[in-house]
Amino acid sequence: MDETHTNHEKLDVAQAFKDSNIQGVLDDLDRELVGLKSVKTRIREIAAFLLVDRLRRDVGLTADRPVLHMSFTGRPGTGKTTVAMRMAQILHRLGYIRRDHVVVATRDDLVGQYIGHTAPKTKEVLKKAMGGVLLIDEAYYLYRSENERDYGQETIEILLQVMENQREDLVVMLAGYKERMDDFFRSNPGMRSRVAHHLDFPDFTLDELMQIAEIMLDQQQYTFDEPAREAFRAYVERRMALPDFANARSIRNAIDRIKLRQANRLYSGGGTVTKEELTRIDAADILKSRVFLEPPDRDVPIETTKRGETG
Amino acid sequence: MRITQGTFSFLPDLTDEQIGKQVEYCLNKGWAINVEFTDDPHPRNTYWEMWGMPMFDLKDPAAVMYEVNACSKAHPNHYIKVNAFDSTRGWETVRLSFIVNRPKHEPGFGLVRQEAESRTIRYTVHSYATDKPEGERYSHDGTGSAGKR
């Protein structure tokens, strides 16, 4: 746009909003993610802010690019990665990043194992993510307070440098548990000040988890009958009390196991089955879960071989 | 004397934006990019020093610009070039190579005559810059004291 805007010229916000196509992304977000009201509100706010900021720049008001680095805190399975992907789409459609790709990295991808290994490794990941979004999962592992010679510190320094000097090229999103991320930011004040938006993902409630389960089943063309729904509710309630409960991810895994049991039941029953039987999940499929065998107040994970999940 | 090696070398020096666009073209073609530098401008000097590792799986030219800038900061008075390697079977070669940085003063080349048997004369092209040891060939004030002859 040219420089001849006057103070009274009308700018069409609604039109700019429509042109950017972000409504589609926001709708997807609403549809895909159950609950998370506070997160969705924040994302709408950020989207609105970025849109207005772009309008301001179009008429030559500010030249400063807003800081876009974000931190997503919350327990596992609360939708942090999904939101990061959607956020990348929003930023892309508003023209803040050139590509809508998200590169996910953890400590293993960034930190080297010997002197001189870390910098090239970190830079390689950063370079792959450039133009888009770098999502660092469990970012607090980068900093180990008990070992001051840990190579993670080197990664943090390079990261800070790029976050500051190449804001146009890369948006960094940090994700992890709330308490540990707070610790991480406390010990790395430079990081805290370079992250503009802190989003906290609350745990899902029982009702929301049931809703999520119904959506997942619907996508895979299965249905609960009424007793099964009751049983599943009881299952989720017990499962939530276990220490390794991972919200939506646990629900997805539970459904996978329930599908196995349903298939097993149909198979061992023999004879003929109807289409309705193929889609229906019985209460029996759910009640066979190990969660119902154990007292619900156990402290230790039932299964230790596979991290984070029990059946 | 301005040396002309690689693509675009008869054009005025590329701006950062133009380099970015060329790199984007390479990335869209799926070529791997690397950055090389040298202070020996002889045309037969094929093997330049590598700046870091070749870069694979990049999505955006910003990553290459990051390395080009880092290299020219470390070697402001060297020749720096960007190479794009095509690994497609049948090609397996550098498809595009262009200079992105050159010393402020390029002393050029002299013709050296060697007297050989029975009045034969052998000619060779000698770069004035290489009279000095590696690393001192292009002085940092840009006056190019290497070409003192």
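The values are calculated or read from the model by the stated rules, or taken from the named source; none is laboratory data. These figures come from a predicted structure and were not determined experimentally. Heads up, the Cβs are rebuilt from the backbone with ideal geometry, glycines too, and the neighbour counts pull from every protein chain shown.
Would you confirm whether any residue within region A:66-78 is farther than 29 Å from residue A:204 by Cα, modelled with pLDDT under 90 and more than 14 Å from every other protein chain (Cβ to nearest Cβ)? Within region A:66-78, one or more residues are farther than 29 Å from residue A:204 by Cα, modelled with pLDDT under 90 and more than 14 Å from every other protein chain (Cβ to nearest Cβ).
Of the residues that sit in region A:195-211 and are part of a helix (DSSP H, G or I) and not hydrophobic (A, V, I, L, M, F, W, C), which one is farthest from the other protein chains (Cβ to nearest Cβ)? By that ranking, first place goes to A:207. Within region A:148-168, residues that are more than 19 Å from residue A:69 (Cα to Cα) have Cβ atoms under 6 Å from residues that are small (Gly, Ala, Ser) and not in a helix (DSSP H, G or I) in these pairs: A:151/A:112, counting only partners at least 6 apart in sequence or on another chain.
Quick check: is even one residue across region A:171-194 of a type in the set (D, E, K, R), outside any helix (DSSP H, G or I) and more than 30 Å from residue A:252 (Cα to Cα)? For region A:171-194, residues of a type in the set (D, E, K, R), outside any helix (DSSP H, G or I) and more than 30 Å from residue A:252 (Cα to Cα): absent.
Over 30 Å from residue B:70 (Cα atoms) and either at pLDDT 90 or above or of a type in the set (Lys, Arg) (or both): does that describe residue A:266? In short, no.
Do we have any residue at all in region A:167-183 that's within 14 Å of chain B (Cβ to nearest Cβ), closer than 30 Å to residue A:117 by Cβ and touching a Phe, Trp or Tyr at 6+ places or on another chain (Cβ under 8 Å)? Yes, that holds for at least one residue. Residue-level check: of (1) within 30 Å of residue A:37 (Cβ to Cβ); (2) part of a helix (DSSP H, G or I), residue A:134 misses just (2). Counting only strands (runs of 3 or more DSSP E) that sit completely within region B:1-97, those holding 2 or more residues that are under 25 Å from residue B:125 (Cα atoms), more than 14 Å from chain A (Cβ to nearest Cβ) and under 16 Å from the mean Cα position of the chain (by Cα) correspond to B:32-38, B:79-86.
Of all residues in region A:119-153 being more than 14 Å from chain B (Cβ to nearest Cβ) and among the polar types (S, T, N, Q), which is surrounded by the most Cβ atoms within 10 Å (Cβ to Cβ)? Give the derivation first.
Taking region A:119-153 as the starting set, the residues that turn out to be more than 14 Å from chain B (Cβ to nearest Cβ) are A:135-153.
Now narrow it down to the ones that are among the polar types (S, T, N, Q): A:145, A:147, A:153.
Values: A:145: 11, A:147: 10, A:153: 16.
Restricting to residues being more than 14 Å from chain B (Cβ to nearest Cβ) and among the polar types (S, T, N, Q), the top hit is A:153.
Just to be sure before I move on: is residue A:97 away from every other protein chain (no Cβ under 11 Å) and either outside any helix (DSSP H, G or I) or surrounded by fewer than 19 Cβ atoms within 10 Å (Cβ to Cβ) (or both) in the structure I sent? Considered against the rule, which asks whether it is away from every other protein chain (no Cβ under 11 Å) and either outside any helix (DSSP H, G or I) or surrounded by fewer than 19 Cβ atoms within 10 Å (Cβ to Cβ) (or both), residue A:97 comes out as no. Per the conditions (1) under 25 Å from residue A:193 (Cα atoms); (2) surrounded by fewer than 20 Cβ atoms within 10 Å (Cβ to Cβ); (3) touching a helix residue (DSSP H, G or I) at 6+ places or on another chain (Cβ under 8 Å); (4) touching a residue at least 40 places away in the same chain (Cβ under 8 Å), the sole criterion not satisfied by residue A:38 is (3).
Table: residues versus (1) loosely packed, with under 10 Cβ neighbours inside 10 Å; (2) over 20 Å from residue B:2 (Cβ atoms); (3) in contact with a Phe, Trp or Tyr (Cβ under 9 Å, 6 or more places away or on another chain).
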{"site": "B:79", "(1), (2), (3)": "no, no, yes"}
{"site": "B:85", "(1), (2), (3)": "no, yes, yes"}
{"site": "B:98", "(1), (2), (3)": "no, no, yes"}
{"site": "B:103", "(1), (2), (3)": "no, no, yes"}
{"site": "B:120", "(1), (2), (3)": "yes, yes, no"}
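In region B:94-108, the residues that are under 13 Å from residue B:137 (Cβ atoms) form Cβ pairs under 9 Å with partners that are among the acidic types (Asp, Glu) and in a loop (DSSP other than H, G, I, E, B), at six or more places apart or across chains, as follows: B:102/B:13; B:103/B:39; B:104/B:141. Considered as a group, the residues in region A:100-118 that are assigned to a helix (DSSP H, G or I) and either within 10 Å of chain B (Cβ to nearest Cβ) or not basic (Lys, Arg) (or both) include one that is farthest from the chain's Cα centre (by Cα), and that residue is A:118.
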